[in-house]
1. Please specify each residue of segment 9-19 satisfying the condition of being part of a helix (DSSP H, G or I) and surrounded by 15 or more Cβ atoms within 10 Å (Cβ to Cβ).
2. Which pairs turn up if I take residues in segment 31-46 that are of a type in the set (V, I, T) and look for partners that are surrounded by 15 or more Cβ atoms within 10 Å (Cβ to Cβ) with beta carbon separation below 6 Å, at least 6 apart in sequence or on another chain?
3. So D36 ticks every box in (1) out of contact with any Lys or Arg (no Cβ under 6 Å at 6 or more places or on another chain); (2) on the phi < 0 side of the Ramachandran plot but one. Which box is left unticked?
Amino acid sequence: MLIGEKIEEIHQQDPDKGYRRIRDDLERYHDIHVNDKRVLRICRKK
């Protein structure tokens with residue numbers, strides 16, 4: 001599964017989360033380590 005799809009899934013579950021909290025969830029629950037700026041770029045494209 002791509003990072004963008006995971007970010008979209010997290011956003012669907014809780015739309016109030018910002019990119020920093022989405023990055024925290026990716027690390028904590030999905031074991032995906034990415035920079036918060038990368039998550040922000042992906043969020044802006046979606």
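The values are calculated or read from the model by the stated rules, or taken from the named source; none is laboratory data. Please read all numbers here as calculations on a predicted model, not as lab measurements. Neighbour counts run over all protein chains shown; Cβ positions are idealised from the backbone, glycine included. The area values use the complete protein model at the heavy-atom level, side chains included, leaving out ligands, DNA and RNA. Shrake-Rupley method; radii C 1.70, N 1.55, O 1.52, S 1.80 Å.
1. I10, H11, Y19
2. I32/L26; V39/Y19; V39/I22; V39/R23; I42/I7
3. Of (1) out of contact with any Lys or Arg (no Cβ under 6 Å at 6 or more places or on another chain); (2) on the phi < 0 side of the Ramachandran plot, only one is false for D36: (1).
Every residue, every condition in (1) open to solvent by less than 100 Å² (accessible area, probe 1.4 Å); (2) of a type in the set (V, I, T); (3) assigned to a helix (DSSP H, G or I), yes or no:
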residue: M1; (1), (2), (3): no, no, no
residue: G4; (1), (2), (3): yes, no, yes
residue: R21; (1), (2), (3): no, no, yes
residue: V39; (1), (2), (3): yes, yes, yes
